[in-house]
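Take a look at the structure below.
The values are calculated or read from the model by the stated rules, or taken from the named source; none is laboratory data. Please read these numbers as outputs of a predicted model, since none were measured by experiment. Cβ sites come from the backbone with ideal geometry, for glycine too, and all protein chains shown count toward neighbours.
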Amino acid sequence: MYIKRLQVNNIRNLKPVDVRFSESVNLIYGLNGSGKTSFLESLSVLSSGKSFRSHLSTPIIARDLKSATVFGEVDIKGATHRVGVEKTIGKGSFIRVDQKTVTNNSVLARMVPMLAIDNQSFELVTGGSKFRRKLLDWLVFHVKHGFHSDWLTFRESLKQRNAQLKTKGISKRELAAWLPQLVSSGEAITEQRIECADFLINTINALFEVEKDFNLTTEFDRGWSIEKSLEEVLNDNLEIDLRYQNTRKGPHRADILFTTDKKKVSEVLSRGQLKSVVCRFYLALCQCFKESFGVAPILLIDDLPSELDQERAQILINQFLSLGSQLFITGVELNYFDSFLKQNKHAKVFHVKHGTISEETFGSESFTA
Ligand SMILES: Nc1ncnc2c1ncn2[C@@H]1O[C@H](COP(=O)(O)OP(=O)(O)OP(=O)(O)O)[C@@H](O)[C@H]1O
Ligand SMILES: [Mg+2]
């Protein structure tokens, strides 16, 4: 599965785009502010209906305009599918797949599975749980088909319960009304998360066995004590929840914990070692996906040179390529990519200048290798 062609209109500073991609590596280079991340955001719209940088439409639509469109040709098992997304200010988004209107973003996510690595991803090991949970849920969403609807039910019942917790004079009986739905959907998503987390953690451990540069323990925390059922913990914590006007424990607090010698990795490891944890986490996600579906997800890697040195980046890229992922990688300098170009004969290079994207061939004047 890979994106063959992309057409973009009115995304950020980009001039109209119509490009065809390599099914392996696509390198995108250009000066700061030229439009590289905007280009990756357009690809992300094809996969999720939104940018990986912002879930809102307004920031990605070109200034002073009311709508933007992204159109892509996607190869799935040799057949070409046409995906179009229009994002508007005020009227929502419109999605069409093979000329049929689609009302659910999840259809896109299943057709064009994609992961994005950018500078935020490197906070995976230092930041809060939200990001780690989101990535685990990305895998669960793909592997467990009932997960999405359970997750939507859980999110809605949690929202209602939290709103009630904020309501003055709310009775415990009124609060209990949301409990059955919250508990059943919460238990369901947790069960599915546990299965996928096991799969993911085993894969991460296997990756660390190959290159054991430091000890790493990875554990799944479901968001509340393993000694209690979700119903018990919600009942036991009711007074505290009422005081804080918020549901303090539950699947919305689930996390993946990385420790080394019983200490948080962020407190012990060097920046380079932390990056290596992050890279293996993404690699493990791709590997689990590949093992489940036989195809690898598409990878967007924004501003790779600022995060990894050339040698480490080349290793990472080769690992993703060996899984069969189509890669889109941005960087400011083309020189940084010289060694990739020598090794990856099918790579394509795109230059971004003031929002204009042009493909460069190996013989072109601006190619420096
Ligand atoms: N909605 C918008 N409409 C028009 N231009 C925008 C909009 N949003 C952002 N921009 C501009 O688009 C340009 C490209 O931004 P982008 O983040 O894609 O650059 P970049 O090439 O990734 O830069 P860097 O190397 O610094 O990461 C910037 O000048 C930015 O100010
Ligand atoms: Mg950028």
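Looking at the range 46-65, I want the residues that are without any contact (Cβ under 8 Å) to a residue 24 or more places away in the chain and under 13 Å from Ile11 (Cβ atoms) and have a partner that is more than 8 Å from ligand 1 (Cβ to nearest atom) and polar (S, T, N, Q) with Cβ atoms under 6 Å, at least 6 apart or on another chain. Which pairs are those?
These pairs meet every condition: Ser51/Ser44.
Among the residues of the range 235-254, is any modelled with pLDDT of 95 or more, within 16 Å of Leu124 (Cα to Cα) and not small (Gly, Ala, Ser)?
Looking through the range 235-254, at least one residue is modelled with pLDDT of 95 or more, within 16 Å of Leu124 (Cα to Cα) and not small (Gly, Ala, Ser).
Within the range 41-69, work out how many residues are part of a loop (DSSP other than H, G, I, E, B), closer than 18 Å to Val17 by Cβ and over 21 Å from the mean Cα position of the chain (by Cα).
Qualifying residue count for the region: 3.
Considering only residues that are free of Cβ contacts under 8 Å to residues at least 40 places away in the same chain, of a type in the set (A, V, I, L, M) and surrounded by 14 or more Cβ atoms within 10 Å (Cβ to Cβ), which ones fall in the range 68-110?
Matches in the range 68-110: Val83, Val97, Val102, Val107.
Does the range 2-57 hold any residues that are surrounded by fewer than 22 Cβ atoms within 10 Å (Cβ to Cβ), at positive phi and within 13 Å of ligand 2 (Cβ to nearest atom), and which are they?
Of everything in the range 2-57, those that are surrounded by fewer than 22 Cβ atoms within 10 Å (Cβ to Cβ), at positive phi and within 13 Å of ligand 2 (Cβ to nearest atom) turn out to be Arg12, Gly33.
Quick one: count up the residues across the range 13-56 that are more than 24 Å from His346 (Cα to Cα) and touching a Phe, Trp or Tyr at 6+ places or on another chain (Cβ under 9 Å).
Number satisfying all stated conditions: 1.
Can you tell me which residues in the range 331-355 are modelled with pLDDT of 95 or more and within 16 Å of ligand 2 (Cβ to nearest atom)?
If the condition is that a residue be modelled with pLDDT of 95 or more and within 16 Å of ligand 2 (Cβ to nearest atom), then Phe350, His351, Val352, Lys353, His354, Gly355 are the ones that fit.
State whether the residues of the range 157-180 include one that is closer than 18 Å to Phe141 by Cα and modelled with pLDDT of 95 or more.
Scanning the range 157-180 turns up no residue that is closer than 18 Å to Phe141 by Cα and modelled with pLDDT of 95 or more.
When residues of the range 176-209 are filtered for being over 30 Å from Ser292 (Cβ atoms) and crowded, with 18+ Cβ neighbours inside 10 Å, how many remain?
The qualifying residues number 1.
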